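The values are calculated or read from the model by the stated rules, or taken from the named source; none is laboratory data. All of these numbers come straight from a predicted model, not from anything done at the bench. Methodologically, a virtual Cβ is constructed for each residue, glycine included, from the backbone with ideal geometry; neighbour enumeration extends over all protein chains shown.
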Amino acid sequence: MERLSAWTQLHDIIESPAYDRQALKPGIVHIGLGAFHRAHQAIYTDAALAHAFGNWGIVGVSLRSTEIAQDMRVQDCLYSVVARNRSGDSVRVVGSIVEALAANDDGEAVLARLADPAIQIVTLTVSEKAYGIDPVNSGLDHAHPAIANDLKSPTRPTGVIGYLTEGLARRRAAGLPPFTVLCCDNLPSNGRIVRRLVIELAAARDAGLAEWISETVSFPCSMVDRIVPAATAETRARAKRLLGVEDRLSIEAETFSQWVIEDDFVGDRPAWETGGALFVENVEPYEKMKLRLLNGSHSLIAYLGQLQKLEFVRDVMAVPENVALVRRHMQAAVRTLDPVPGIDLAYYMDQLVERFANPAIAHRTQQIAMDGSQKLPQRLFQPAVDALSSGDDAAEFAFATAVWIAYLKQAETVDDPRARELQKATADAASADETASFFAIAGLFPGELQANRAWRNQVNSLLGSLR
Ligand code: CS2
């Protein structure tokens, strides 16, 4: 079977790059070449290029996988995204990625690109756990394997923070301006978090470098949103049917997409607004809305689904009692939010229920259930603290927490960087206070929740009632 490549003749119902790809030169390095980036930032860049062509080709970097970069090269970095909803499929071939690198194969090539003056922006989607954030003090986690390596061998990094720091060090040494670091992971004030980690890692090797970074580099925050399940054999079979050629990199996604970006760039940037991105001064209200309403509900759905042995999010949403629980959770979460400029929150929540129920999207509850220790602090626990401080009993957050603990107790394997501690907490759970061992895990729950007997009692009794 022929593979998708620059020579493929595409049917004209397939949307394809509306600019001269041969003339496209790199201006962005993206770290984390997974499904989400390919269905999100790469598409906004594709749209921006079609609207106002410039040197904004993306150099995609995988930190761990070597397969994606290999497949990318075979296909001239072209791939398809199938947008799916109740009314059907639409397929788009994306051309904004111009080069693909696997850091494990060629870390030096990645560093050379980071030090290349043509690169003005480095975007990131590496998932919450890849940064190496200390759960207790939110600084660098020295026990994180990549951080430990990058402290020891800063010029031969393995982690995202190490690559950024060494890339910036090389630019400073060469007298070049820095790049903008644009984090696109689901973390609160994501730019601030990455800034702190990079400066801490830089300070460990060279105080002057740390100072230069803090004075010259910008780390805008951003909120990203699109539901993009991991690709499966079915995804690739569908792509083959729609394209008429094989595409090993095809992904499917919902039609909805949103990107809100803090407008703070050290150099130039693509006209992402022409692809629908919103540039604002303060991303926080959007980010809280998305983390608490979408991601918080998503985690609740995932753990309910795991307990009820339901494979996909849409299966959970096909049970009216579950929809009622999700709606109740959103009602509690929305009370912790300030108004969000330009957004009707009631409509946003209705739209979320629709999006979760999308029958054309097969999003595994197991995929979302992973890494709870990295996700729940911003999705459930901080909102619970805010709810309690405004006089609410935060019962919905206690319920979602109980559902998570119930899941941990029955799961055969737990996919989480803190799995060992979570499994130990499960084994240590005493019958008198079943959740005490979980609340004792360092930096997992905020101090306000650890110290709140009444809230913890709610979690305990809800956990009991789930059985
Ligand atoms: C999900 C997110 O896997 C998860 O934890 O909640 O990946 C979610 O699908 C995206 O944030 C949607 O934008």
Among (1) more than 16 Å from the ligand (Cβ to nearest atom); (2) of a type outside the set (G, A, S); (3) under 19 Å from the mean Cα position of the chain (by Cα); (4) not assigned by TED's automatic domain parsing to the domain that holds C183, where does P339 come up short?
(3)
Condition set more than 16 Å from the ligand (Cβ to nearest atom) and assigned to a loop (DSSP other than H, G, I, E, B), scope segment 206-238, selection surrounded by the fewest Cβ atoms within 10 Å (Cβ to Cβ): answer is D206
Quick one: count up the residues across segment 239-276 that are part of a loop (DSSP other than H, G, I, E, B) and either within 14 Å of the ligand (Cβ to nearest atom) or in contact with a His (Cβ under 8 Å, 6 or more places away or on another chain) (or both).
6
Tell me whether segment 288-302 contains one or more residues that are touching a Leu at 6+ places or on another chain (Cβ under 6 Å) and more than 23 Å from Q41 (Cα to Cα).
no
Which condition from (1) hydroxyl-bearing (S, T, Y); (2) crowded, with 20+ Cβ neighbours inside 10 Å; (3) more than 25 Å from V160 (Cβ to Cβ) is the one that S62 breaks?
(3)
Go through segment 436-467 and give me each residue that's modelled with pLDDT of 95 or more and either of a type in the set (K, R) or in a loop (DSSP other than H, G, I, E, B) (or both).
A440, I441, A442, G443, L444, F445, P446, A451, N452, R453, R456
Any residue at all in segment 366-382 that is buried (at least 24 other Cβ atoms within 10 Å of the Cβ), within 16 Å of the ligand (Cβ to nearest atom) and of a type in the set (D, E, K, R)?
yes
Is there any pair with a first residue in segment 1-24 that is under 14 Å from E246 (Cβ atoms) and at pLDDT below 90 and a second that is of a type in the set (G, A, S) and buried (at least 17 other Cβ atoms within 10 Å of the Cβ) whose Cβ atoms are under 7 Å apart and which are 6 or more apart or on different chains, and what are they?
L10/S16
If V280 passes every condition in (1) closer than 11 Å to D225 by Cα; (2) buried (at least 17 other Cβ atoms within 10 Å of the Cβ) but one, which one does it miss?
(1)
Could you identify the single residue in S297, S250, S222 that is in contact (Cβ under 8 Å) with a residue 40 or more places away in the chain and touching a Gly at 6+ places or on another chain (Cβ under 9 Å)?
S222
